[in-house]
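So the structure is just underneath, and the comments pick up after that.
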Amino acid sequence: MKEITLQTQITACTVDELDAELRQLVEIAKQKTQDAYCPYSHFHVGAAALLNDGTIITGANQENAAYPSGICAERTVLFAANANHPHTPVKALAIACYTNGHFTKQAGTPCGACRQVMLETEHRYGQDMQVILYGEEGCYVFHKATDLLPLSFVSDNLKGD
Ligand code: THU
């Protein structure tokens, strides 16, 4: 028997310390929180995906009276990006959360289902996707989606090796 330590290195920074491209992506994600349809949770999530060709795809969470039929901002954006630009990798995804009249102090952390979809996007294009989580007190930058979901289930697992 042995213990295994899993390590993930992420960057903690202020929004001003991000490079101009990522700062703009965060600003767009923040703006998109205002387009959330969240009459049940009142928790507004905005997301913005930057594609390799510079295209930016945006979205927000969409809730439903039948609760499980709703979908998170991250999946709204990634599915839209992948469906409309199937051959263009996503190089970065920014996320911001807003509730009770202000952006969350802590960086908003994506749910497990969204992490799984981020991972599939990264694998699909064979290219790292940066994930920037915005919080009023600071941002977290994950250098690749895989870092959000260690020991994850990917297509290779289906081979049974
Ligand atoms: N939500 C997201 O949009 N992204 C996440 O990663 C976590 C949660 C949404 C879903 C729901 O509309 C609301 O936030 C409260 O859970």
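Of (1) modelled with pLDDT of 95 or more; (2) over 22 Å from R23 (Cβ atoms); (3) part of a loop (DSSP other than H, G, I, E, B); (4) not hydroxyl-bearing (S, T, Y), Q127 satisfies all except one. Which?
All conditions pass for Q127, except number (2).
Looking only at the range 135-152, count every residue that is within 14 Å of the ligand (Cβ to nearest atom) and touching a strand residue (DSSP E or B) at 6+ places or on another chain (Cβ under 8 Å) and tell me the total. Walk me through it before giving the result.
Within the range 135-152, the first condition is being within 14 Å of the ligand (Cβ to nearest atom), and the residues that meet it are 135, 140, 142, 145, 148-149.
Of the ones still in play, those that are also touching a strand residue (DSSP E or B) at 6+ places or on another chain (Cβ under 8 Å) are 135, 140, 142, 145, 148.
Summing the residues that are within 14 Å of the ligand (Cβ to nearest atom) and touching a strand residue (DSSP E or B) at 6+ places or on another chain (Cβ under 8 Å) in the range 135-152 gives 5.
Within the bounds of the range 105-113, is there any residue that is open to solvent by less than 20 Å² (accessible area, probe 1.4 Å), under 14 Å from H44 (Cα atoms) and part of a strand (DSSP E or B)?
Narrowing the range 105-113 to residues open to solvent by less than 20 Å² (accessible area, probe 1.4 Å): 107-108, 110.
Filter once more, so that each one left must be under 14 Å from H44 (Cα atoms): 107-108, 110.
Remaining after also requiring part of a strand (DSSP E or B): none.
Looking for residues that are open to solvent by less than 20 Å² (accessible area, probe 1.4 Å), under 14 Å from H44 (Cα atoms) and part of a strand (DSSP E or B), one finds none in the range 105-113, hence no.
Is it the case that C97 is of a type outside the set (A, V, I, L, M) and within 16 Å of the ligand (Cβ to nearest atom)?
On the way: of a type outside the set (A, V, I, L, M): yes; within 16 Å of the ligand (Cβ to nearest atom): yes.
Here the answer is yes, as C97 does meet what is asked.
Got a number for residues in the range 105-116 being within 11 Å of the ligand (Cβ to nearest atom) and under 22 Å from T14 (Cβ atoms)?
Of the residues in that region, 3 qualify.
Just one of (1) in contact with a strand residue (DSSP E or B) (Cβ under 8 Å, 6 or more places away or on another chain); (2) within 19 Å of I57 (Cα to Cα); (3) open to solvent by 20 Å² or more (accessible area, probe 1.4 Å) trips up I95, so point out which.
Only one criterion in (1) in contact with a strand residue (DSSP E or B) (Cβ under 8 Å, 6 or more places away or on another chain); (2) within 19 Å of I57 (Cα to Cα); (3) open to solvent by 20 Å² or more (accessible area, probe 1.4 Å) is unmet by I95, namely (3).
Out of all the residues in the range 2-38, which are open to solvent by 100 Å² or more (accessible area, probe 1.4 Å) and of a type outside the set (S, T, N, Q)?
K2, E3, I4, L6, D16, E17, Y37
Please go through (1) surrounded by 23 or more Cβ atoms within 10 Å (Cβ to Cβ); (2) small (G, A, S); (3) more than 9 Å from the ligand (Cβ to nearest atom) for A65 and return the number of the only condition it doesn't satisfy.
So A65 meets the others, but not (1).
Please determine whether any residue of the range 117-134 is within 11 Å of the ligand (Cβ to nearest atom) and either open to solvent by 10 Å² or more (accessible area, probe 1.4 Å) or among the charged types (D, E, K, R) (or both).
Among the residues of the range 117-134, at least one is within 11 Å of the ligand (Cβ to nearest atom) and either open to solvent by 10 Å² or more (accessible area, probe 1.4 Å) or among the charged types (D, E, K, R) (or both), which makes the answer yes.
Of the conditions (1) within 16 Å of the chain's Cα centre (by Cα); (2) open to solvent by 40 Å² or more (accessible area, probe 1.4 Å); (3) within 16 Å of the ligand (Cβ to nearest atom); (4) over 19 Å from R115 (Cα atoms), I56 fails just one. Which one is it?
Only one criterion in (1) within 16 Å of the chain's Cα centre (by Cα); (2) open to solvent by 40 Å² or more (accessible area, probe 1.4 Å); (3) within 16 Å of the ligand (Cβ to nearest atom); (4) over 19 Å from R115 (Cα atoms) is unmet by I56, namely (3).
Return the pair list, or none, for Cβ contacts closer than 6 Å from residues in the range 85-114 that are closer than 21 Å to E27 by Cα and hydroxyl-bearing (S, T, Y) to residues that are open to solvent by 30 Å² or more (accessible area, probe 1.4 Å) and more than 9 Å from the ligand (Cβ to nearest atom), at least 6 apart or on different chains.
none
Out of (1) over 25 Å from E137 (Cα atoms); (2) within 10 Å of the ligand (Cβ to nearest atom); (3) touching a residue at least 60 places away in the same chain (Cβ under 8 Å), the odd one out for G70 is which?
For G70, the exception is condition (3).
The values are calculated or read from the model by the stated rules, or taken from the named source; none is laboratory data. None of the values given here were measured: they were computed from a predicted structure. For neighbour counting, all protein chains shown are included, and Cβ atoms are generated from backbone atoms with ideal geometry for every residue, glycine included. All accessible areas refer to the heavy atoms of the entire protein, side chains included, with ligands and DNA or RNA removed. Shrake-Rupley method; radii C 1.70, N 1.55, O 1.52, S 1.80 Å.
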